[in-house]
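Participant: Once you've had a glance at the structure underneath, I'll fire off some questions.
Just so it is clear, none of the values below were taken in a lab; they were calculated from the coordinates. It should be emphasised that the depicted structure is a prediction, and the values quoted were computed from it without experimental measurement. Quick reminder, even Gly has a Cβ in these numbers, built from the backbone with ideal geometry, and neighbours come from all protein chains shown.
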4 protein chains.
Amino acid sequence: MNFVSDNLAGASAPVLQAMLAANDGLAAAYGNDAWTKRVEALFAELFEREVAVFLVTSGTAANALALASLVQPWGAVLCHHEAHVAADECGAPEFFAGGAKIVGLPGEGCKLAPEVVTDQLARMRPDSLHQVQPQMLSITQATECGLVYRPDEIAALKAAIAPRGLKLHMDGARFANAVAALGCSPAEITWKAGVDVLSFGGTKNGAFAAEAVVFFEPACAAEMPWRRKRAGHTLSKGRLIGAQFEGLLADGHWLGLAGHANAMAGKLAAGIAALGNTQLAWACEANEVFAILPEARRDQLKARGVQFIDWSDGALPAGQGLEPGETIGRFVCSFATRPEDVERLLAIFAEA
Amino acid sequence: MNFVSDNLAGASAPVLQAMLAANDGLAAAYGNDAWTKRVEALFAELFEREVAVFLVTSGTAANALALASLVQPWGAVLCHHEAHVAADECGAPEFFAGGAKIVGLPGEGCKLAPEVVTDQLARMRPDSLHQVQPQMLSITQATECGLVYRPDEIAALKAAIAPRGLKLHMDGARFANAVAALGCSPAEITWKAGVDVLSFGGTKNGAFAAEAVVFFEPACAAEMPWRRKRAGHTLSKGRLIGAQFEGLLADGHWLGLAGHANAMAGKLAAGIAALGNTQLAWACEANEVFAILPEARRDQLKARGVQFIDWSDGALPAGQGLEPGETIGRFVCSFATRPEDVERLLAIFAEA
Amino acid sequence: MNFVSDNLAGASAPVLQAMLAANDGLAAAYGNDAWTKRVEALFAELFEREVAVFLVTSGTAANALALASLVQPWGAVLCHHEAHVAADECGAPEFFAGGAKIVGLPGEGCKLAPEVVTDQLARMRPDSLHQVQPQMLSITQATECGLVYRPDEIAALKAAIAPRGLKLHMDGARFANAVAALGCSPAEITWKAGVDVLSFGGTKNGAFAAEAVVFFEPACAAEMPWRRKRAGHTLSKGRLIGAQFEGLLADGHWLGLAGHANAMAGKLAAGIAALGNTQLAWACEANEVFAILPEARRDQLKARGVQFIDWSDGALPAGQGLEPGETIGRFVCSFATRPEDVERLLAIFAEA
Amino acid sequence: MNFVSDNLAGASAPVLQAMLAANDGLAAAYGNDAWTKRVEALFAELFEREVAVFLVTSGTAANALALASLVQPWGAVLCHHEAHVAADECGAPEFFAGGAKIVGLPGEGCKLAPEVVTDQLARMRPDSLHQVQPQMLSITQATECGLVYRPDEIAALKAAIAPRGLKLHMDGARFANAVAALGCSPAEITWKAGVDVLSFGGTKNGAFAAEAVVFFEPACAAEMPWRRKRAGHTLSKGRLIGAQFEGLLADGHWLGLAGHANAMAGKLAAGIAALGNTQLAWACEANEVFAILPEARRDQLKARGVQFIDWSDGALPAGQGLEPGETIGRFVCSFATRPEDVERLLAIFAEA
């Protein structure tokens, strides 16, 4: 019963098969192979427009490269203060962007509201030599607390930043889960709502190590070839990533995997709600469930061998906190989570 | 007949099999998986001592992380002026090391002689505030021109830098080819000869994307966990690299692959010598053959569909240059090169 | 009636005289001149211990060099969220420190309390690869809101960070004002209370462009010669800064100037209190007065030609905010402020 | 008899007077003062066109900011291998430009020939992801060996780089000496010949610490306000630099000072030539004399108390080297050098 993260399983069978099939023969190096070229075309099709795509092997690399491409060293990136780019990448964005500043903002469930962004921008004087200049807003879809932005919410955020010219980045480590949950097209939830650059995650959704930086305005990607290369992220045998994405994108496999993970999390959340003995910290909108655990409950779960991690209370609704002894447990479902895993967990929750 | 590079083939069958076998089940993330742990132990065994090992997916990442770990932003890395770290990594070492300087030195066949290093050091004043401080010597084994350093040659280089306290890095993108050629132990050609940190290459020798930074003095690796993470090179599903190395290191597979590649190159070089109509730019000591091609010969090879790349004449012996119209063709053999590929190429060379 | 800042006046007469006197003859370059050497000895005397001193021409340079010397690129500096290093140096610390992170904390009047620091540290996991590592606490003395830390308060902060090994930096752009206000020795308020490195400000206190980075543990300064040089802050004619400090430090001139500035601010604060019609945002403890200004009062002051700047309300006591229409006006006194300037301002405050 | 450098004297009397006169009263901070504004206008007048001017206190800062403004982190700056930016600034350009590469080229007397630049560019593949991209040529006027580029020579260099789009930077630490020597207008030797950005030196020519970065295409300077601030080079009391330049630029004072320094060097060179017993390494075209000194001559000069520094032999004409025991002595004249200093030195040279 391991619900620690969605990065613990290997690759899905079709992805693994695609990797296997890609092994034969010689192929041009450094992303000039046929797999990568086909994947670039698949992304254009998926997003219904011309895009510039750069494949890498980690989400941290994807995010840091995306941010560095559109933010100057004296620029600032606004994001939630618990966003992965702010809190979990050991300063990778600052490293790649030559010392740019990540400005953390509050928001329930790690979602940002337009007013919060507008207020922050009002406190950052344009043209002041003394302050870093806001140049990007980064949002996470689904968020670190498992919530999902709707297209109109993203459009509202874009409207909040447009007067100051900020670009909009979406950290889509769990983009597939969000799209599966929303039931909208990838285009609707990205560039049609104002997203300029997307980190399209594959690793948490059935790939082994496959992430794509997708620029919806290809001209913005002019620097990327050099940025990626000098960061050591231009693989010589690029088909290794290309093949994974080809496996993922074929026949909607990526959405199928994400839909399954979402369904498992939904089943878990619904089961907990039906039990009525445990409160969720945030609604379950994608593939993660966050449960508020009294100390005894946490101990019981651990004693029964359930694996999960304690989560921060920093994105609870304003004014709502944990009681003494309570913690938040994060339970993540992935493409590899089986219904019986969820059922076993629910059975433990059902105990006193 | 593609002799462009040794990074065009996929993975060897045993490596692919190891990747496949590693796919099942859940595994701890970020390099805490069993595969990575086993590989760390395998490296200690291979080098007959305690080592600190960090797996990454590209040689550029391995080199840049190794250099940045032991060189300050105001430090200088001495190396051959055509070394990969100087000429082919788009400034990755400078990026990772916060602006350190790469100082290129001359040397026949991309090999450095101790006198050249000593002379350069004499021109760099210790303690001068105005100059970057030499802190590392980086050598490539086998070199970019396919030559191999013997243990005594490496020891002599270490002796040249020891009085000034420089560390010795070995870019071992083709380390396997060098070890196979020398017939010595990995320990003899590295730490026993004075190497402090090694980029151990797997990608050019049967892996898909697997390189290891090996510190022979583990204390020197204290910063690496953070350096690697913030560069986006700490894969969440680390077993992807671990499994490749497990496949490579098992039963001397890595040396078998390299030995084959060397044998193919040796067959090609010997065949050319036997023909007597083409001069080699440098001796064939590992898996590469560099032939001096008059214009007609180059045209003929291209016309017959032989794929190879033109190589720099910057490391020819001092005073020895190309005649007008001549170029240097690089022919690389890999684990996947077949004897019949070499024979077909030799047949073309045999033509007038 | 210009109360905008204490960086608007030129140099005090003795400082200017010292600069004038330093002009004659040839002198060794790059800080090897007699003035700089004498000033290094004066600082050792002033702080009653061996120190390593580096003179520069701006406070931003002093702070950024101090931070970069003791924080790694993956390190974090804790400080008040309105500290100069966080909010007014356009990311200089991030630039100098290779992308380190500045973590802003709350605190009334820009003063940090030990509990706030302790709480923040508890949220930063030691040894996590995913998070930057806290390595320094930076406090401002006097703070950006004109408050002063007592020696015991600084010792308490040091006690809060000592278990995690953070270094303590003091941004002393207004160090002289703080020392004059406290009436303690420079040693008591710095290294004896736990400060590791001090930015000793001269520019706001009678110099033209003179700041000193003072390391109380000289071994910590080993990198500074190269850091300063490659930042362009090692002046060839170093006596320009040396002479200013020689003028400042002679005969306690620096404390006399600061005492005067403090007295002028104290006179202003006392006068406003006596009038009883205006509330101060924070107590006047050094050379700055922050008045809460209803809109009509602000308009009146501006109309009468009083120059001052609007200040942030971000460091008001928790739960205490401005009424609609209210702003905070900052009134700064310097060595050049005359009693009659204060009296004229008070006369305007006395008006309805 | 100190001929070590032209950075050992203080300020010229008019410059010191201007500094003194600038001390009175309050002035706007951060370069918004009247002195700085007047100097900006003076530079526009001097160069007969609109310019963007940024004042700083060191030549290293001026050069590094100029380079970083026009070169990306994966860019390369071509320059002479003994250029100050390559050899004497401790990696400042690499630091400011985020790890860009300085590529050193050969050239007699530290002058670059168009063919050398063209050859180097031919070796740098455009659009290669593996190599840094050449983006700037930096030349030094007068060179580190005291030679002067004529306008046509600069135009030829510009013609060599124009097809690849490189910008042209002039390190003018001794720009005044070059202009005084050439007798041309500042415009003719800069933007009219193709220079894009100039480091205009004041410190070596009568100022205490005053350098200007002059962009001839103001649009290229858009980033400079932030770059300068975050490097700590935006002085709060900016009039300190403004006043020095006002003193220098008034009534051609800067050219008068440089002309004197050149005359002193010319007198020294002519005197040595007349003696006929010492060979010069390079022609004396500005304010420096480089003499080839047999060991006995060097010992004699040192014994007689003549101060000078040993210079590199790296820019001697190709194929022409020093005899065993010979060194090159650099003798620099400044605005403060007196005829009798030169005469005393010549008298010593006249001795056997």
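Participant: For segment D:199-352, count the residues as N, evaluate 2.2 N^0.38 Å, and divide the Cα radius of gyration by that value, please.
Facilitator: Numbers: Rg = 19.7 Å, N = 154, 2.2 N^0.38 = 14.9 Å.
Compactness ratio reported: 1.32.
Participant: A follow-up question, please. Using a Gaussian network model on chain A with a 10 Å cutoff between Cα atoms, which of A:A303, A:A263, A:A97 fluctuates the most?
Facilitator: A:A303
Participant: Further question on the same structure: Please compute the average number of Cβ atoms from other chains found within 10 Å of each residue's Cβ in peptide A:202-208. Before the final figure, lay out each step's value.
Facilitator: Values: counts 0, 5, 2, 0, 0, 2, 10.
Taking all residues of A:202-208 together, the mean is 3.
Participant: In addition: Just how many % of Cα pairs in the protein assembly as shown lie over 68 Å apart, if you round to the nearest whole percent? Write out the running numbers ahead of the final one.
Facilitator: Details: 96728 of 990528 pairs.
Result: 10 percent of Cα pairs exceed 68 Å.
Participant: For segment D:1-154, what percent of Cα pairs sit more than 24 Å apart? Let's see the in-between values first.
Facilitator: Numbers: 5789 of 11781 pairs.
For segment D:1-154, the fraction of Cα-Cα distances above 24 Å is 49 percent.
Participant: May I pose another question? Quick one: among A:A221, A:A142, A:A270, which has the greatest mean-square fluctuation in a GNM of chain A with alpha-carbon springs under 10 angstrom?
Facilitator: Maximum among the listed residues: A:A270.
Participant: If you don't mind, there's one more thing I want to ask. Using alpha-carbon pairs under 8 Å, 6+ residues apart, how would you state the relative contact order of chain D in percent?
Facilitator: Details: 726 pairs, mean separation 86.0, N = 352.
Result for chain D is 24 percent.
Participant: Right, next: For segment B:164-235, run through the trypsin sites (Lys or Arg not before Pro) and keep only the ones in DSSP coil with at most 16 other Cβ atoms within 10 Å of their Cβ.
Facilitator: On the way: sites: B:R164, B:K167, B:R174, B:K192, B:K204, B:R227, B:R228, B:K229, B:R230; in loops: B:R174.
Loop-located and lightly packed - none at all.
Participant: For B:Q133, list long-range residues whose amide hydrogen, built 1.01 Å from N in the peptide plane, is under 5 Å from its own amide hydrogen.
Facilitator: HN-HN under 5 Å from B:Q133: B:G75, B:A76.
Participant: Kindly work out what percent of the DSSP beta bridges joining two residues of segment A:13-253 are antiparallel, to the nearest 5. Walk me through the numbers before you get to the answer.
Facilitator: Details: 10 of 28 bridges.
That works out to approximately 35 percent antiparallel.
Participant: Which trypsin sites (Lys or Arg not before Pro) from segment C:1-87 combine a DSSP loop assignment with at most 16 other Cβ atoms within 10 Å?
Facilitator: Values: sites: C:K37, C:R38, C:R49; in loops: C:R49.
Those that pass, being in a loop and sparsely packed, are C:R49.
Participant: Average the reciprocal distances over every distinct pair of alpha-carbons in chain B, invert the result, and give the Kirkwood radius in Å. All intermediate terms of the calculation are to be shown ahead of the outcome.
Facilitator: Numbers: mean 1/r = 0.0481 Å⁻¹.
It works out to 20.8 Å.
Participant: Trypsin sites (Lys or Arg not before Pro) within segment B:278-352: which are DSSP loop residues with at most 15 other Cβ atoms inside 10 Å?
Facilitator: Values: sites: B:R297, B:R298, B:K302, B:R304, B:R330, B:R344; in loops: B:R304.
Here the trypsin sites (Lys or Arg not before Pro) that fit, given the DSSP loop and packing criteria, are B:R304.
Participant: Further, regarding this structure: For segment A:109-160, what is Rg from Cα atoms divided by 2.2 N^0.38 Å, rounded to two decimals? Numbers along the way, then the final one.
Facilitator: Numbers: Rg = 12.7 Å, N = 52, 2.2 N^0.38 = 9.9 Å.
Ratio of Rg to 2.2 N^0.38 Å for segment A:109-160: 1.28.
Participant: Report, in listed order, any pair from B:K101/C:K101; C:K267/D:K229; B:K204/B:K229; A:K111/A:K267; B:K158/B:K237; C:K158/D:K237 with a Cα-Cα distance greater than 30 Å.
Facilitator: On the way: B:K101/C:K101 25 Å; C:K267/D:K229 34 Å; B:K204/B:K229 24 Å; A:K111/A:K267 23 Å; B:K158/B:K237 37 Å; C:K158/D:K237 34 Å.
Flagged as over cut-off: C:K267/D:K229; B:K158/B:K237; C:K158/D:K237.
Participant: Another question, then. Contact order normalised by length for segment A:1-109, with contacts defined as Cα pairs under 8 Å and 6 or more residues apart; what percent is it?
Facilitator: Working: 93 pairs, mean separation 20.7, N = 109.
19 percent.
Participant: Let me ask you something else. So what's the net charge close to A:Q320: Lys and Arg +1, Asp and Glu -1, counting the other residues with Cβ under 14 Å from its Cβ? Provide the component values of the computation, followed by the final result.
Facilitator: Details: positive: none; negative: A:E108, A:D313, A:E323, A:E326.
Net local charge, A:Q320 excluded: -4.
Participant: Right, here's the next one. Given the Cα atoms of segment B:174-252, and with Rh set as the inverse mean 1/r over their pairs in the Kirkwood sense, what is Rg to Rh to two decimals? Write down the numbers at each step before the final one.
Facilitator: Numbers: Rg = 13.6 Å, Rh = 13.9 Å.
Result: Rg/Rh = 0.98.
Participant: Could you identify which residue out of B:A122, B:A87, B:A156 has the top mean-square fluctuation in a GNM of chain B using Cα springs shorter than 10 Å?
Facilitator: B:A122
Participant: Rounded to whole Hz and in sequence order, give me ³J(HN,Hα) for segment D:215-224 from the Karplus expression 6.51 cos²θ - 1.76 cosθ + 1.60, θ = phi - 60°, writing x for Gly and Pro.
Facilitator: Karplus values, whole Hz, x for Gly and Pro: 9, 7, 10, x, 4, 5, 9, 4, 7, 4.
Participant: Sticking with this one: In whole Hz and in residue order, list the ³J(HN,Hα) couplings for segment C:199-211 that follow from phi through the Karplus curve 6.51 cos²θ - 1.76 cosθ + 1.60, θ = phi - 60°; x for Gly and Pro.
Facilitator: 8, 8, x, x, 4, 7, 10, x, 9, 8, 6, 8, 9
Participant: Give the span of segment C:241-304's Cα atoms along each principal axis, as three whole-Å numbers ordered largest to smallest.
Facilitator: Rounded to whole Å, the extents work out to 47, 23, 18 Å.
Participant: Give the value in nm², to one decimal: projected area of the alpha carbon convex hull of segment B:53-102, averaged over all directions.
Facilitator: Here the figure is 3.2 nm², rounded to one decimal.
Participant: When the dipole is taken about the Cα centre of the protein assembly as shown, and only Lys, Arg (+1) and Asp, Glu (-1) are charged at their Cβ, what size is it in debye, to the nearest 20?
Facilitator: On the way: 112 positive and 152 negative charges, 0 e Å.
Magnitude of the dipole: close to 0 debye.
Participant: Treating each Cα of segment A:135-286 as an identical point scatterer and ignoring solvent, apply the Debye formula and state log10 I(q)/I(0) at q = 0.10, 0.13 Å⁻¹.
Facilitator: Log-scaled intensity ratios, in q order: -0.41, -0.67.
Participant: Got the D:P114 label distances to the other copies yet, label 7 Å along Cα→Cβ, in nm, shortest first?
Facilitator: Nearest first, the other copies' label points are 4.8, 5.9, 7.3 nm away.
Participant: According to the Kirkwood expression over distinct Cα-Cα pairs, how big is the hydrodynamic radius of segment D:211-277, in Å? Intermediate values should be presented prior to the final figure.
Facilitator: On the way: mean 1/r = 0.0648 Å⁻¹.
Answer for segment D:211-277: a Kirkwood hydrodynamic radius of 15.4 Å.
Participant: Rounded to two decimals, what is Rg over Rh for segment A:102-208 when you use alpha-carbon atoms and the Kirkwood radius? Walk me through the numbers before you get to the answer.
Facilitator: Working: Rg = 14.3 Å, Rh = 14.4 Å.
Ratio value, two decimals: 0.99.
Participant: Let me ask another. Just tell me how shielded A:18-31 is by partners: mean number of partner chain Cβ atoms within 10 Å of each residue's Cβ, no decimals. Walk me through the numbers on the way to the answer.
Facilitator: Details: counts 0, 8, 6, 0, 3, 9, 4, 5, 11, 5, 5, 6, 3, 1.
For peptide A:18-31, the averaged partner shielding equals 5.
Participant: Next question. About its Cα centre, how strong a charge dipole does segment A:269-352 have in debye, to the nearest 20, once Lys and Arg get +1 and Asp and Glu get -1 at the Cβ? Show your work: numbers first, answer last.
Facilitator: Details: 7 positive and 12 negative charges, 35 e Å.
Dipole size: approximately 160 debye.
Participant: Turning to a different aspect of this structure: Could you work out the relative contact order of segment D:205-352, using alpha carbon pairs under 8 angstrom and six or more residues apart, expressed as a whole percent? Let's see the in-between values first.
Facilitator: Working: 156 pairs, mean separation 37.6, N = 148.
That works out to 25 percent.
Participant: Just to confirm my numbers, what's the Cα centroid distance between segment D:90-116 and segment D:311-352 in Å?
Facilitator: Each part's Cα centre sits 26 Å from the other's.
Participant: Once phi is turned into θ = phi - 60°, what whole-Hz ³J(HN,Hα) does the Karplus curve with 6.51, -1.76 and 1.60 give for every residue of segment B:257-270, x standing for Gly and Pro?
Facilitator: 4, 5, x, 5, 4, 4, 5, 5, 5, x, 5, 5, 5, 5
Participant: Something else: Rounded to the nearest 20 Debye, what is the dipole magnitude of chain B about its Cα centre when Lys and Arg each give +1 and Asp and Glu each give -1 at the C-beta? Don't jump to the answer; show the numbers that get you there.
Facilitator: Working: 28 positive and 38 negative charges, 136 e Å.
The calculated dipole for chain B is roughly 660 debye.
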